[in-house]
Amino acid sequence: MKVLVTGGAGFIGSHLVDALVKNKHTVTVVDDLSEGKKKYVNNKAYFIRKKIQHPSIVNVLSQRKITIVYHLAAQKNLQVSKLDPVADAEINIIGSLRLISGAKKYGIKKFIFYSTAAVYNPGHLPLSKETDQVMPVTPYGIAKRAAEQYLEHSGLKYTILRLPNVFGPRQDAGGEGGVVAVFCSAFAKKKPAYINNSGHQTRDFIYVADVVTGSLLAIKKGHNQIINISTGREVTINKLYDTCKQVSGTSINSKKGQRVKEQLRSALSNNLAKRALGWRPTTSFKDGIAKTYLWFGQNL
């Protein structure tokens with residue numbers, strides 16, 4: 001198939017592109033490289049540098065004769081979404097809407113959209129199901145939910161994948177980089193990392209290869225459904241640090257970080273993914289951390 005991957009130079013997107021190319025699809029990548037890196041783009045993919053919110057984004061669909069869209073491009077920094085919600089909305093709402101409208105215009109066969117655990121009402125945690133109430137409490141979550149709703153009412157065949165904390169090679173450890181990347185990068189540099197609050201707060205950590213597997217299945221399954229791609233397990237930040245410490249073979253203790261306002265517990269049920277996609281995660285938490293640490297050690 002002729003597939004478009006927006007955000008295909010980024011962390012999750014570049015792994016997805018690799019898998020699509022391996023499966024003999026013709027892949028076009030659109031990325032503005034504000035966060036993604038050109039070196040991560042598979043050399044067998046056709047690359048276009050473009051902002052997702054630019055009106056000409058729809059032309060890519062016709063010019064490249066796209067049949068499947070994977071939409072990952074997003075403004076994902078929570079602080080940016082709070083400080084500049086207009087900029088966040090221009091990318092995450094307007095950009096998504098332009099692409100959805102273009103997909104409808106040009107008869108795209110399937111639109112696969114990547115959403116987030118941030119759309120759920122924190123009161124329903126720790127184990128959120130797709131049928132639970134959605135009540136995002138950040139502009140980022142609000143924008144993602146708005147894009148979901150536009151897609152639901154578009155008339156397109158779609159699958160919405162809601163992701164928890166994805167980790168793995170190529171993840172950015174800078175800025176608001178994922179905590180796994182931050183810890184693995186610190187250990188690779190033989191430096192301690194900081195743990196905010198008590199460290200007993202939990203997250204649902206899923207390895208990027210498992211997300212890619214679920215994404216590939218969504219081409220032919222899960223039509224017009226919202227599906228969590230998750231492990232369904234809570235892991236504390238302290239456990240994460242200890243696992244990083246173990247796989248690195250060092251004895252570097254953590255440092256006490258700041259007291260910040262954050263969600264205390266989080267995990268997403270994956271029962272629907274098992275039923276609708278025939279999918280389940282296959283990478284153990286420790287193996288995923290070991291692979292991620294190895295990559296950071298090789299790419300300092």
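The values are calculated or read from the model by the stated rules, or taken from the named source; none is laboratory data. All values derive from a computational prediction rather than experimental measurement. Every residue, glycine as well, gets a Cβ built from its backbone with ideal geometry; the counts of neighbours run over all protein chains shown. The protein model used for the area step is the full one, side chains on, heavy atoms only, and it has no ligands, DNA or RNA in it. Shrake-Rupley method; radii C 1.70, N 1.55, O 1.52, S 1.80 Å.
Quick notes
- Here residue 165 meets each of (1) closer than 30 Å to residue 108 by Cα; (2) open to solvent by less than 50 Å² (accessible area, probe 1.4 Å); (3) in contact with an Asp or Glu (Cβ under 9 Å, 6 or more places away or on another chain); (4) not small (Gly, Ala, Ser) with one exception, condition (2).
- Top-ranked residue of the stretch 269-293 - restricted to ones that are over 30 Å from residue 188 (Cβ atoms), touching a residue at least 12 places away in the same chain (Cβ under 8 Å) and in a helix (DSSP H, G or I), ranked as most open to solvent (accessible area, probe 1.4 Å): 271
- All positions within the stretch 133-163 that are under 17 Å from residue 77 (Cβ atoms), touching a residue at least 40 places away in the same chain (Cβ under 8 Å) and in contact with a strand residue (DSSP E or B) (Cβ under 7 Å, 6 or more places away or on another chain): 144, 147, 163
- In the stretch 115-158, residue surrounded by the most Cβ atoms within 10 Å (Cβ to Cβ) [restricted to those that are among the aliphatic types (A, V, I, L, M) and closer than 17 Å to residue 273 by Cα]: 117
- Test: residue in the stretch 129-140 that is within 14 Å of the chain's Cα centre (by Cα) and in a helix (DSSP H, G or I): yes
- Scanning the stretch 87-126 for residues being outside any loop (DSSP other than H, G, I, E, B) and either acidic (Asp, Glu) or closer than 23 Å to residue 264 by Cα (or both) gives a total of 11.
- Residue in the stretch 75-82 that is over 18 Å from residue 150 (Cβ atoms), open to solvent by 10 Å² or more (accessible area, probe 1.4 Å), touching a strand residue (DSSP E or B) at 6+ places or on another chain (Cβ under 6 Å) and touching a residue at least 24 places away in the same chain (Cβ under 8 Å) present: no
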